[in-house]
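Since the structure comes first, as structure tokens, the remarks are kept for the end.
The values are calculated or read from the model by the stated rules, or taken from the named source; none is laboratory data. Computed from a predicted model, the values in this text were never measured in an experiment. Neighbour counts run over all protein chains shown; Cβ positions are idealised from the backbone, glycine included.
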Amino acid sequence: MKIRNICCIGAGYVGGPTMAVIAQKCPEINVTVVDINKERIAAWNDKNVENIPIYEPGLSDIVAEARDRNLFFSTDVDQAIDKADMIFISVNTPTKTYGIGKGMAADLKFIELCARQIARVAKDDKIVVEKSTLPVRTAQALKNILDNTGNGVNYQILSNPEFLAEGTAVDDLMNPDRVLIGGDIDTAEGEEAIQALVDIYAHWVSKEQILTTNVWSSELSKLTANAFLAQRVSSINAMSELCEKTGADVNEVSRAVGMDSRIGSKFLKSSVGFGGSCFQKDILNLVYIAKSFGLDEVADYWHQVIIMNDHQKKRFAAKIVQTLFNTVSGKKIALLGWAFKKDTNDTRESAAIYVADYLLNEQAEIVVYDPKVTEEQIYADLDYLGTRSEKENRERVTVLKDPYKVCDKAHAIAVLTEWDEFMELDWQKVYKAMLKPAFLFDGRRLLDRKTKEEIGFEFYAIGS
Ligand code: NAD
Ligand code: UDX
């Protein structure tokens, strides 16, 4: 079966970049990305391609090449569904904030809405692809809705989880370690649907890297991969605290451990705590699923990864207070970085939000600089926590576009995102403008201790 028209529901961090790359690599396929968020779609269609809503290195060039050729962004969801042979569902699946499973389970209301909309609109057979990260066995629920509320057409459900990381999305999509496709491997129709999706990826990914499995393995592999990755970060972060007590240096430990080829060197960078929209949400979801099967030990094992991460964020903030003579009340603290990692404008679950909140509770005055995150986003992140009024957040937090102004007359600086440009700052100039003693807290192990101490900083870094 040859796919001619693709629709992707959800023009977010996954739907946008993924479809842009498919469109670029498969010029014979029309790809339409739809979303209910009108502003987001307008931004994807902005004449100035630098204004697309997601910042990812290399993405604007691809969009510039494919947009209006075979890549389209639209709010007309019905029309795109109707036209498509294959429909990707790439909507958000956040942690539930209400009812059963509150704070743990994935909220599947957006997924269900998509399924019902597809069922209502589709007048011919469709392949529906789960691109969103979903609890294992969601495909069954999707099939149920499609078969029972649809127009009598046939659906094949595939699971095709996305492994891209933000900040490197384009490169990850262009050169994936693997592509995973789960489907109904027991029927000819299932095999045909799997093959149709394999053929798309085969435009640029070698056959050996395209794995096909049953649907449940595919769904569960995604949660497992994120749990393993996050677990490595929590493991090295646990060691960072022990390093600080013992004179060991977490970077040295990480290097020594990572050179064991059975362990490997990636994802062993100690930090102020992992953030991002995926790790916490997906592990909590995994914990919830395990609990719902009565697997308490499995649930507790994975839950510890989150507990460790929360501890890391809190202890970094507490260290700032403790070092500044046990009070930051009325003191200006400069935060360098707000995004959850470098090279993205995404702030979801960023450690910076929690560090700022902790310091605000201690009555600090916060000033923030991030090269890609907007002022509105920073206030929205703090408001979302609901710790204090919106008015108070705006009174006590200032966002500036100049890192030197942010550090001017500050008692302390905390580096919370590993943006390259922070390494290149004129640290001598920064030091001069600060109050003394000038405290510098490196939550990312980004800066060189020796040169900073030579300048005169009181330097603290995670894990040493
Ligand atoms: P996102 O919030 O950036 O984008 C989701 C989009 O879906 C939003 O723009 C929203 O308006 C739209 N949407 C929701 N319901 C809709 C509906 N009924 N019709 C049309 N549009 C609708 O989310 P994201 O970061 O792109 O994540 C999407 C999924 O991919 C999640 O399940 C996530 O876990 C998974 N994932 C994310 C990443 C990542 O790095 N962000 C990586 C791998 C997988
Ligand atoms: C993650 C997964 O890597 C990706 O495969 C999945 O598709 C989505 O979730 P993402 O959250 O975008 O991607 O970024 P990632 O590079 O994994 O970083 C997540 C967080 O962990 C960031 O806050 C990062 O700074 C932190 N991290 C990562 C560390 O603190 N140390 C590390 O060694 C690696």
Considering R255, R232, which residue is over 30 Å from R137 (Cα atoms), charged (D, E, K, R) and either at pLDDT 95 or above or within 16 Å of ligand 1 (Cβ to nearest atom) (or both)? R255
For L211, which of the numbered conditions (1) assigned by TED's automatic domain parsing to the domain that holds Y13; (2) loosely packed, with under 15 Cβ neighbours inside 10 Å; (3) away from ligand 1 (no atom under 16 Å from the Cβ) fails to hold? (1)
Can you find even one residue in the stretch 166-173 that is part of a helix (DSSP H, G or I), within 19 Å of the chain's Cα centre (by Cα), within 16 Å of ligand 2 (Cβ to nearest atom) and among the acidic types (D, E)? yes
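How many residues does the stretch 92-106 hold that are surrounded by fewer than 22 Cβ atoms within 10 Å (Cβ to Cβ) and either within 16 Å of ligand 2 (Cβ to nearest atom) or not assigned by TED's automatic domain parsing to the domain that holds M19 (or both)?
Qualifying residue count for the region: 3.
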On the basis of being in contact (Cβ under 8 Å) with a residue 60 or more places away in the chain and of a type in the set (G, A, S), does G337 make the cut? yes
Give me the residue from the stretch 266-297 that is within 16 Å of ligand 1 (Cβ to nearest atom) and part of a loop (DSSP other than H, G, I, E, B) and, out of that set, surrounded by the fewest Cβ atoms within 10 Å (Cβ to Cβ). F267
List pairs: first residue in the stretch 1-27 and closer than 19 Å to G167 by Cα, second residue within 14 Å of ligand 2 (Cβ to nearest atom) and of a type in the set (D, E) anywhere in the structure, Cβ distance under 7 angstrom, at least six positions apart or on different chains. Y13/E166; Y13/D346; V14/E162; P17/E56; T18/E162
Of all residues in the stretch 177-199 being out of contact with any Leu (no Cβ under 8 Å at 6 or more places or on another chain) and not in a helix (DSSP H, G or I), the one that is farthest from W216 (Cα to Cα): D177
Log entry, pairs with first residue in the stretch 107-133 being among the β-branched types (V, I, T), second being within 16 Å of ligand 2 (Cβ to nearest atom) and in a helix (DSSP H, G or I), beta carbons closer than 9 Å, six or more apart or on different chains, reads T133/E219; T133/K222; T133/L223; T133/N226; T133/K281; T133/D282; T133/N285
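Would you check which residues across the stretch 16-43 are near ligand 1 (Cβ under 10 Å from one of its atoms) and not acidic (D, E) and list them?
Result: G16, P17, T18, V33, V34, I36, N37, K38, R40, I41.
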If you check every pair at least six apart or on different chains, which have Cβ atoms under 6 Å apart with a residue in the stretch 209-229 that is β-branched (V, I, T) first and a residue that is in a helix (DSSP H, G or I) second? I210/V198; I210/Y201; T212/I194; V215/A139
Looking at the stretch 453-463, is at least one residue touching a strand residue (DSSP E or B) at 6+ places or on another chain (Cβ under 6 Å) and under 22 Å from E166 (Cβ atoms)? no
When you check N345 against the structure, is it of a type outside the set (V, I, T) and more than 28 Å from E56 (Cα to Cα), yes or no? no
What's the number of the only condition in (1) more than 22 Å from F340 (Cβ to Cβ); (2) touching a Pro at 6+ places or on another chain (Cβ under 7 Å); (3) charged (D, E, K, R) that R137 fails to meet? (2)
